[in-house]
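What follows is a single structure, written as structure tokens, with notes after it.
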């Protein structure tokens, strides 16, 4: 049986993550309060940010930017999608 959490992002009870996905205090907060579904939404958002802003994961400034955006996306309504992003048409 899956571990259940009261997901902060989705504002509902949902299946929790199987293991911590990020280090430190932020990682503990994510593990305790974010569902698998919400984490999958973040992974998609992160991909958009990396591609649209042409970020390099080895750049410390890019990593800090992504961490800040992750916290905004998961725990507030402040996160935004880049203006130039156009979702792919199916």
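Which of (1) in a loop (DSSP other than H, G, I, E, B); (2) at pLDDT 95 or above; (3) surrounded by 13 or more Cβ atoms within 10 Å (Cβ to Cβ) is the odd one out, the single condition residue 79 does not satisfy?
(2)
Which of (1) without any contact (Cβ under 8 Å) to a residue 24 or more places away in the chain; (2) under 26 Å from residue 3 (Cα atoms); (3) touching a helix residue (DSSP H, G or I) at 6+ places or on another chain (Cβ under 8 Å); (4) not in a loop (DSSP other than H, G, I, E, B) does residue 19 not meet, given it meets every other one?
Against the list (1) without any contact (Cβ under 8 Å) to a residue 24 or more places away in the chain; (2) under 26 Å from residue 3 (Cα atoms); (3) touching a helix residue (DSSP H, G or I) at 6+ places or on another chain (Cβ under 8 Å); (4) not in a loop (DSSP other than H, G, I, E, B), residue 19 comes up short only on (4).
With the checklist (1) over 13 Å from the mean Cα position of the chain (by Cα); (2) surrounded by 16 or more Cβ atoms within 10 Å (Cβ to Cβ); (3) in a helix (DSSP H, G or I) in hand, flag the one item residue 45 doesn't pass.
Going through the list (1) over 13 Å from the mean Cα position of the chain (by Cα); (2) surrounded by 16 or more Cβ atoms within 10 Å (Cβ to Cβ); (3) in a helix (DSSP H, G or I), residue 45 breaks only (1).
The values are calculated or read from the model by the stated rules, or taken from the named source; none is laboratory data. Worth saying up front: this structure is predicted, and the values here are computed from it rather than measured. Here Cβ is always computed from backbone atoms with ideal geometry, including for glycine, and neighbour counts include all displayed protein chains.
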